[in-house]
Amino acid sequence: MTHDLTHWQTHCRQLAAHHAGNDGAHDQAHLQRVWQSATQLLAHYPQADALVVMAACYLHDLVNLPKNHPERHLASRQAAALACRELAGAGFPADKLAAVGHAIEAHSFSAAITPQTLEAQIVQDADRLDALGAVGLARLFYTAGKMDSQLAHPDDPQAEQRPLDDRLYALDHITVKLATLPATMQTDAGRALGEQRLAWVMQFREIFLAEWGTTAP
């Protein structure tokens with residue numbers, strides 16, 4: 001029972017729901033999508049431990065701090081510690097706890113921790129894939145709204161005469177971060193999926209810019 005994936009998936013989903021906040025970009029649906037992307041990657045890497053990957057996918061946001069929080073870079077470490085405590089108390093296989101903790105720690109972009117295991121690489125790639133594509137764009141603008149960001153600079157949306165600032169302008173985030181994600185993917189399969197989703201994002205950006213225009217005289 002302790003090694004049964006379905007059993008632990010149910011438990012991890014319940015645990016994540018218990019600690020859930022009110023961030024619509026990091027909700028239960030996000031966790032499920034990350035696991036779905038991870039299962040796509042696991043099909044390419046059957047040697048990876050699916051139980052470790054699954055647990056990390058569902059528990060990686062147990063501690064989720066806002067993007068403008070000064071301790072944002074520490075959130076994944078805090079989430080890993082909490083997840084390991086909760087899993088240990090529930091009887092999760094002890095020999096897999098360290099691997100789950102590392103995968104959770106390393107998933108975060110802001111933490112800048114290099115994943116040292118295949119499982120951690122898959123979790124990091126799966127989480128970053130959810131920042132790309134149509135859902136990724138929806139999450140981008142949702143988060144920008146919570147941070148009181150503008151959609152784009154009124155006169156210079158492409159940042160031709162100003163520095164990029166994705167805290168002030170949501171569209172800047174595509175160039176600042178999203179466009180860089182495929183190159184940061186740890187697996188070949190993740191990189192291929194990331195490039196497909198980024199291509200759609202960049203098409204959206206071109207249409208957005210065409211419609212946006214500028215308010216300059």
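Tell me, which residue of the range 136-158 that is assigned to a loop (DSSP other than H, G, I, E, B) and over 17 Å from A179 (Cα atoms) is farthest from the chain's Cα centre (by Cα)?
Within the range 136-158, the match that is farthest from the chain's Cα centre (by Cα) is D155.
From the residues in the range 162-190 that are part of a helix (DSSP H, G or I) and without any contact (Cβ under 8 Å) to a residue 12 or more places away in the chain, which one is surrounded by the fewest Cβ atoms within 10 Å (Cβ to Cβ)?
Of everything passing the filter in the range 162-190, A183 is surrounded by the fewest Cβ atoms within 10 Å (Cβ to Cβ).
Do you know which of the residues in the range 82-111 that are among the aliphatic types (A, V, I, L, M) and within 18 Å of the chain's Cα centre (by Cα) is nearest to H173 (Cα to Cα)?
A111
Scanning for something modelled with pLDDT of 95 or more, among the β-branched types (V, I, T) and crowded, with 19+ Cβ neighbours inside 10 Å, does the range 109-119 turn up at least one residue?
no
Give me the pairs, please: first residue somewhere in the range 114-135 and under 19 Å from T180 (Cβ atoms), second residue anywhere and at pLDDT 95 or above and of a type in the set (D, E, K, R), beta-carbon distance under 6 Å, and either six or more positions apart or on two chains.
D130/R33; L132/R197; G133/R197
Pick from the range 191-204 the residues that are of a type in the set (D, E, K, R) and surrounded by fewer than 20 Cβ atoms within 10 Å (Cβ to Cβ): which of them is nearest to L151 (Cα to Cα)?
Out of the qualifying residues, it is E195.
The values are calculated or read from the model by the stated rules, or taken from the named source; none is laboratory data. Predicted model, so just to flag it, every value in this text is computed and none were measured. All Cβ positions, glycine included, derive from the backbone under ideal geometry; neighbour counts span all protein chains shown.
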